[in-house]
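Student: I am attaching a structure below and will ask some questions about it afterwards.
The values are calculated or read from the model by the stated rules, or taken from the named source; none is laboratory data. Since the model is a prediction, treat every value here as computed from it, not as a measurement. As a convention, Cβ positions derive from the backbone with ideal geometry for all residues, glycine included, and neighbour counts pool all protein chains shown.
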Amino acid sequence: MIDFEIPDDLAALRDEIRAFVVEKIVPYERDPRVTRHGPNEDLRTELVGLARDAGLLTFQAPHRFGGREPSHREQAVLFEAAGWSTLGPVALNCAAPDEGNMYLLSKIATEEQADKFLVPVIDGRQRSVFAMTEPGGAGSDPNQLATAAVFDGTDYVINGRKWLITGANKARTWIIMARVAPNAHGPDGPTLFLCDGQTPGIELERVMDTMDRNYVEGHGVVRFDDLRLPAATVLGEVGQALRYAQLRLAPARLTHCMRWLGAASRAQSIAIDHARTRTGFGKPLGEHQGVSFMLADNEIALQQCRLAIWWACWTLDGGAKGRHESSMVKAYVSEELFKVADRCVQILGGMGISDETPVGAIFSDMRAFRLYDGPTEVHKYAIARQVLRNPS
């Protein structure tokens with residue numbers, strides 16, 4: 001039997017998170033420290049302090065690190081509440097890429113690595129990056145990984161160039177994907193490395209100008225120039241980076257969907273208020289059929305997205321890897337929520353394309369969301385391959 005009831009304790013925490021975001025975080029949305037490259041590090045630190053004081057910081061962390069360790073289904077409820085403002089996940093420390101990186105590190109980092117690289121991120125004292133995407137190399141197809149790591153038996157020397165590395169500016173915990181070259185000392189292949197962002201050999205060339213403004217310090221272009229790392233910095237096993245990336249990606253796709261469902265719900269709320277109060281041609285906008293139909297389409301889409309997310313989370317909570325399910329949900333939800341945001345802009349009219357409300361920014365960010373963790377077309381390709389191999 002399927003039960004859609006939200007338990008009282010979970011509903012209480014959801015409401016607490018939503019109230020915190022509305023009362024404490026929404027007022028910061030017009031702060032000048034929200035730049036075209038997203039909130040800066042100074043603003044993030046201030047917001048994190050508010051969440052720490054409220055006892056809500058990194059609520060999704062495992063119990064052993066002081067968190068509440070909600071199930072995936074519980075996360076769906078809580079992350080949606082956090083996403084009511086795009087600054088909400090930043091404050092609560094459940095935003096990408098830190099949330100996905102914390103999940104990965106909690107699964108495969110050694111105790112020593114966790115103490116040095118994971119705990120400070122959970123505590124909100126530093127940020128992390130996942131450095132995989134390359135110009136002309138790894139992206140939607142990580143098999144095109146071009147960054148090379150040469151092992152001399154003691155150290156790995158890494159050379160390569162990455163871009164669209166979210167939060168690279170001022171981040172301290174770095175997860176770097178590089179291809180270990182064949183060598184006489186051990187295995188080779190795509191590998192993850194952990195290091196401090198201040199290690200010599202990491203050069204931030206620039207921060208890219210992009211259409212989204214919700215990630216701390218934006219997206220960087222990074223060069224690794226003879227970055228020398230000891231063997232102890234390997235995260236997991238040599239040659240297993242693509243497997244670990246999948247371990248991270250299935251839940252991360254869903255948490256993206258959860259957060260953006262919250263943002264889209266916020267846009268719908270603003271559009272509803274506008275349709276109630278703004279008049280045109282002798283009556284409130286909401287009484288015109290064209291506007292009312294858009295609001296109805298939004299409400300249908302929001303609920304269908306919510307149920308799709310819950311279904312995939314149920315799959316993960318049951319012990320499945322969820323690659324197929326998370327691809328289906330990411331492809332569907334990212335497209336539908338973009339349509340929701342687009343209709344909200346349309347309902348608001350000229351105000352919708354301005355910064356008078358957060359709807360315009362949500363729309364721009366939602367367009368970028370359709371590309372995060374793989375564009376829709378890549379997910380559909382993977383879905384179709386699965387269907388062809390295993391027809392129902």
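Student: Conditions first: (1) more than 19 Å from L316 (Cβ to Cβ); (2) of a type outside the set (D, E, K, R); (3) in contact with a strand residue (DSSP E or B) (Cβ under 8 Å, 6 or more places away or on another chain). G100 passes all but one, so which condition is the exception?
Tutor: Evaluating G100 over (1) more than 19 Å from L316 (Cβ to Cβ); (2) of a type outside the set (D, E, K, R); (3) in contact with a strand residue (DSSP E or B) (Cβ under 8 Å, 6 or more places away or on another chain) leaves (1) as the failure.
Student: Further question: When you look at S71, is it outside the structural domain of L254 (by TED's automatic domain parsing) and over 22 Å from I175 (Cβ atoms), yes or no?
Tutor: Values: outside the structural domain of L254 (by TED's automatic domain parsing): yes; over 22 Å from I175 (Cβ atoms): yes.
Judged against the criteria, S71 is a match.
Student: Just to be sure before I move on: is V216 touching a Phe, Trp or Tyr at 6+ places or on another chain (Cβ under 6 Å) and closer than 22 Å to L164 by Cβ in the structure I sent? Step through it out loud before you land on a result.
Tutor: Values: touching a Phe, Trp or Tyr at 6+ places or on another chain (Cβ under 6 Å): no; closer than 22 Å to L164 by Cβ: yes.
Answer is no for this residue.
Student: Turning to a different aspect of this structure: Do we find a residue being among the small types (G, A, S) and in contact with a Phe, Trp or Tyr (Cβ under 7 Å, 6 or more places away or on another chain) anywhere in segment 81-91? Spell out the reasoning first.
Tutor: In the first step, residues of segment 81-91 are kept if they are among the small types (G, A, S); the result is 81-83, 85, 88, 91.
Then keep just the ones that are in contact with a Phe, Trp or Tyr (Cβ under 7 Å, 6 or more places away or on another chain); that gives 83.
Yes - at least one qualifying residue is present in segment 81-91.
Student: Using beta carbons and a limit of 9 Å, which pairs, at least six apart or on different chains, have the first residue in segment 357-386 and in contact (Cβ under 8 Å) with a residue 12 or more places away in the chain and on the phi > 0 side of the Ramachandran plot and the second one of a type in the set (A, V, I, L, M) and part of a helix (DSSP H, G or I)?
Tutor: Final answer for the pair search is D373/L249; D373/A252; G374/L249; G374/A331; G374/A382.
Student: Mind listing whichever residues of segment 152-162 are surrounded by 22 or more Cβ atoms within 10 Å (Cβ to Cβ) and closer than 10 Å to R228 by Cα?
Tutor: Of segment 152-162, the ones surrounded by 22 or more Cβ atoms within 10 Å (Cβ to Cβ) are 156, 158, 160, 162.
Hits for segment 152-162 are Y156, I158.
Student: Please determine, by comparing only the residues of segment 150-181 that are of a type in the set (G, A, S) and closer than 22 Å to A96 by Cβ, which one is farthest from the chain's Cα centre (by Cα).
Tutor: So in segment 150-181, the residues of a type in the set (G, A, S) come out as 153, 160, 167-168, 171, 178, 181.
When the remaining residues are screened for being closer than 22 Å to A96 by Cβ, the result is 167-168, 171, 178.
On the way: G167: 12, A168: 15, A171: 16, A178: 22 Å.
Selected residue: A178.
Student: Can you tell me which residues in segment 47-104 are of a type in the set (S, T, Y) and surrounded by fewer than 22 Cβ atoms within 10 Å (Cβ to Cβ)? Step through it out loud before you land on a result.
Tutor: Filtering segment 47-104 for residues of a type in the set (S, T, Y) gives 58, 71, 85-86, 103.
Passing the criteria: S71, Y103.
Student: While we're looking at this one, here's another question. Looking only at strands (runs of 3 or more DSSP E) that lie completely in segment 178-230, which have at least 3 residues being surrounded by fewer than 15 Cβ atoms within 10 Å (Cβ to Cβ)? Full working, then the answer.
Tutor: Values: elements: 189-196, 202-208, 219-230.
Passing ranges, in order: 202-208, 219-230.
Here's the yes/no breakdown for (1) more than 17 Å from Q240 (Cα to Cα); (2) of a type in the set (G, A, S); (3) free of Cβ contacts under 8 Å to residues at least 12 places away in the same chain; (4) in a loop (DSSP other than H, G, I, E, B):
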position: L105; (1), (2), (3), (4): no, no, no, no
position: V119; (1), (2), (3), (4): yes, no, no, no
position: G124; (1), (2), (3), (4): yes, yes, no, yes
position: S140; (1), (2), (3), (4): yes, yes, no, yes
position: G153; (1), (2), (3), (4): yes, yes, no, yes
position: Y156; (1), (2), (3), (4): no, no, no, no
position: N159; (1), (2), (3), (4): yes, no, no, no
position: W163; (1), (2), (3), (4): yes, no, no, no
position: K170; (1), (2), (3), (4): yes, no, no, yes
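Student: Okay, moving on. Residues being part of a helix (DSSP H, G or I) and touching a strand residue (DSSP E or B) at 6+ places or on another chain (Cβ under 7 Å): count how many of those fall in segment 232-244.
Tutor: Initially, segment 232-244 is screened for residues part of a helix (DSSP H, G or I), giving 232-233, 241-244.
Adding the requirement that they be touching a strand residue (DSSP E or B) at 6+ places or on another chain (Cβ under 7 Å) leaves 233, 241-242, 244.
Adding up the residues that qualify gives 4.
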